[in-house]
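Encoded as structure tokens, the structure appears first; notes follow it.
The values are calculated or read from the model by the stated rules, or taken from the named source; none is laboratory data. Quantities reported herein were computed from a predicted structural model and do not represent experimental measurements. A quick note on method: Cβ atoms are made from the backbone with ideal geometry, for glycine too, and the neighbour counts reach across all protein chains shown.
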């Protein structure tokens, strides 16, 4: 999920986490964004995302994040 989407729509990850969906607490939500500051990562994690990856994407780090999130 793009961090910009979260900024635009509010706390989308929090909305998903608080929903009644069966897997709402466990579904992997990863932020992929051009915003690479520590505050951006902290905001993404605080909103319920399981990871934050700044662009340009390091493919090995992406695979590691996906593996760890699942």
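A few remarks follow.
- Single residue of the stretch 31-44 satisfying the filter (outside any loop (DSSP other than H, G, I, E, B) and surrounded by 14 or more Cβ atoms within 10 Å (Cβ to Cβ)) that is nearest to the chain's Cα centre (by Cα): 31
- Number of residues in the stretch 58-70 that are at pLDDT 90 or above, closer than 12 Å to residue 30 by Cα and in a loop (DSSP other than H, G, I, E, B): the value is 0.
- In the stretch 1-30, residue surrounded by the fewest Cβ atoms within 10 Å (Cβ to Cβ) [restricted to those that are at pLDDT below 85 and under 8 Å from the mean Cα position of the chain (by Cα)]: 2
- Test: residue in the stretch 45-57 that is surrounded by 12 or more Cβ atoms within 10 Å (Cβ to Cβ), in a helix (DSSP H, G or I) and modelled with pLDDT of 90 or more: no
- Pairs where the first residue, in the stretch 43-70, is at negative phi and in contact (Cβ under 8 Å) with a residue 60 or more places away in the chain and the second is surrounded by fewer than 17 Cβ atoms within 10 Å (Cβ to Cβ) and assigned to a helix (DSSP H, G or I), C-beta under 8 Å, 6+ apart: none
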